[in-house]
Amino acid sequence: MAYAYLFKYIIIGDTGVGKSCLLLQFTDKRFQPVHDLTIGVEFGARMITIDGKQIKLQIWDTAGQESFRSITRSYYRGAAGALLVYDITRRDTFNHLTTWLEDARQHSNSNMVIMLIGNKSDLESRREVKKEEGEAFAREHGLIFMETSAKTASNVEEAFINTAKEIYEKIQEGVFDINNEANGIKIGPQHAATNSSLAGGQGGQQAGGGCC
Amino acid sequence: MSRKQWIAHYFNQDSSVVNKFQQKYWKTKQTLIKVTGKKEDKHVVASDADLDAKLEVFHSVQRTCMELLKVIEQYQRRICLLSQEENELGRFLRSQGSQDKSRAGKIMQATGKALCFSSQQRLALRVPLCRLYQEVETFRYRAISDTWLTVNRMEQSRTEYRGALLWMKDVSQELDPDTHKQMEKFRKVQAQVRLTKTRFDKLKNDVCQKVDLLGASRCNLLSHVLTNYQTTLLHFWEKTSHTMAAIHESFKGCQPNDVSALKVRKETLVAFLYIYYVDYNAVYCVFLVFFFFFLDTAESIKDRSVWFNLFADLDPLTNPDAVGRTDREHELNTA
Ligand SMILES: Nc1nc2c(ncn2[C@@H]2O[C@H](COP(=O)(O)OP(=O)(O)OP(=O)(O)O)[C@@H](O)[C@H]2O)c(=O)[nH]1
Ligand SMILES: [Mg+2]
């Protein structure tokens, strides 16, 4: 299907926090109650519309188990957005966030938009991490934050779409060089021509504004 | 079959051969990393931390069982030697005592008898020790070697799994989900990782369970057999201390006023000390019993210090040749 842009996303976080479930909920509107361990990486894709433009999200759902850590590092390259997920019912998954963030910052491009996600918000009775703690962590590290539930689908759409909006804004601001695929953004085939002015203007601060 | 189909078919087959070859390649690569002690992926190593801790326990069980067997063997041998020496000492005292018509002679005879008795009783310790040896040996042959086999199989599968991870890391360098060829390749490697991981996880679990069981059953074995040994040991002590106490009782209030008797005893002792000092570890305790027994009878004697000096000379760390020498000589010796 034709698209204006393609954004590469990566989902990271400890094993069992619900990364694959978030993806499945977002792409198929389904929930998988059994933990089917991800081996290396799985892929998903979905079209969304922002500002009247078709955007294809290409999502890399990485394995959270520690033995895959060195492998999943190579998946960061060229990602425009990252969903950093923890499980609000497991404090240790929250404690590991700094390690994940360091990993992400080290192996991705500096403009990558990172969305912090506290998943399993449906399990309020088993909550171990307060919402305020997630917010504080996000504020401190300059991330966007949301609590989601892959089970009830609460905030799942928003998590993926808000990240895309943020990336889109960065393109408008000219922060992203969309001609450099290492930034995780591809221009769709039929839009390439119309967007070339945008690409050309990436050096200037204002240039992006006018073209859309 | 059209030409095109045939080519597709041929290449498919061929690619499975290539696949096998690559599996071997990455496994060999992992084996090399392991054998040459090259630094392994620290995350992969860290994720096996619990397993490696269990293996550490296993190796310690293995090692300490071997050591235990050696110690039991030595201990058995020493018990025999000690018993022999004890017996000889007893016999010597008896024969010396029979020639001494004084009260001291009676004491020597009685003590000699007690020592002979103790030397016989001491051998009873060998029965539970033999049992312990056999049980530990059986444990080593059965339980340990069984666990060892599982550990070996686990290590094999670990190498295969880590090899597959290396392979996956390699194909992950260039991966684009929209490129069919790359994805096809990735799926193959992913299947291999999944397969080897499942195998490894199962064996990992087996190993952990077996090691836990091994530790528990060894504990059980030891507590069982050692209780036996303990009982026998107590029994032995009870019997001998009983005999010694009886002698002690019968000679209570005896005042050896005959200085020459004391002299004889002292010389006897020095001679014995010299002979037995070679195996001082074992005889030390025998001597202590002996010494305390006589100390009591010599209570009223002025030169009780003779005994103390003798006893002080018996420090197991000093040169056996120095036993019975005066301090001055000793100083000269060590200077
Ligand atoms: N109640 C509840 N359970 C969830 C939610 N999201 C995931 N789960 C459950 O959590 C378990 C793990 O989910 P996955 O999505 O497979 O976890 P993952 O993060 O992909 O794990 P790895 O692939 O090993 O990295 C599964 O049993 C899910 O059913 C949620 O929002 N609510
Ligand atoms: Mg997963």
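Things to note:
- Any hit, the stretch A:67-83, residues being within 14 Å of ligand 2 (Cβ to nearest atom) and away from chain B (no Cβ under 14 Å): yes
- Residue match in the stretch B:230-243 (condition: more than 13 Å from chain A (Cβ to nearest Cβ), touching a Ser or Thr at 6+ places or on another chain (Cβ under 9 Å) and of a type in the set (A, V, I, L, M, F, W, C)): yes
- Selection status of A:Asp122, over 30 Å from B:Trp167 (Cα atoms), out of contact with any helix residue (DSSP H, G or I) (no Cβ under 8 Å at 6 or more places or on another chain) and at pLDDT 95 or above: yes
- Boolean, B:Arg218 is crowded, with 19+ Cβ neighbours inside 10 Å and either on the phi < 0 side of the Ramachandran plot or of a type in the set (Asp, Glu) (or both): yes
- Selected residue [without any contact (Cβ under 8 Å) to a residue 60 or more places away in the chain, touching an Asp or Glu at 6+ places or on another chain (Cβ under 8 Å) and surrounded by 15 or more Cβ atoms within 10 Å (Cβ to Cβ)] from B:Ser119, B:Ser83: B:Ser119
- Qualifying residue in the stretch B:178-199 (condition: within 9 Å of another protein chain (Cβ to nearest Cβ), aromatic (Phe, Trp, Tyr) and in a helix (DSSP H, G or I)): yes
- Scanning the stretch A:6-19 for residues that are more than 14 Å from every other protein chain (Cβ to nearest Cβ) and either part of a helix (DSSP H, G or I) or farther than 20 Å from A:Ile71 by Cβ (or both), we see that the one that is farthest from ligand 2 (Cβ to nearest atom) is A:Gly18.
- Per-region count, the stretch A:122-149, residues under 17 Å from A:Leu24 (Cβ atoms) and more than 15 Å from the chain's Cα centre (by Cα): 2
- Where A:Lys29 falls short, out of the listed (1) more than 13 Å from ligand 2 (Cβ to nearest atom); (2) within 11 Å of another protein chain (Cβ to nearest Cβ); (3) touching a residue at least 40 places away in the same chain (Cβ under 8 Å): (2)
- Any chance A:Leu101 is aliphatic (A, V, I, L, M) and away from ligand 2 (no atom under 16 Å from the Cβ): yes
- The helices (runs of 4 or more DSSP H) falling completely within the stretch A:38-116 that include 2 or more residues that are within 12 Å of ligand 1 (Cβ to nearest atom) and either closer than 25 Å to B:Thr198 by Cα or aromatic (Phe, Trp, Tyr) (or both) map to A:69-76.
- Looking across the stretch A:117-134, the residues that are assigned to a loop (DSSP other than H, G, I, E, B) and at negative phi come down to A:Ser121, A:Asp122, A:Leu123, A:Arg127, A:Glu128, A:Val129, A:Lys130.
The values are calculated or read from the model by the stated rules, or taken from the named source; none is laboratory data. Being a predicted model, the structure only gives us computed values, none of them experimental. Please note: Cβ atoms are built from the backbone with ideal geometry, for glycine as well, and neighbour counts cover all protein chains shown.
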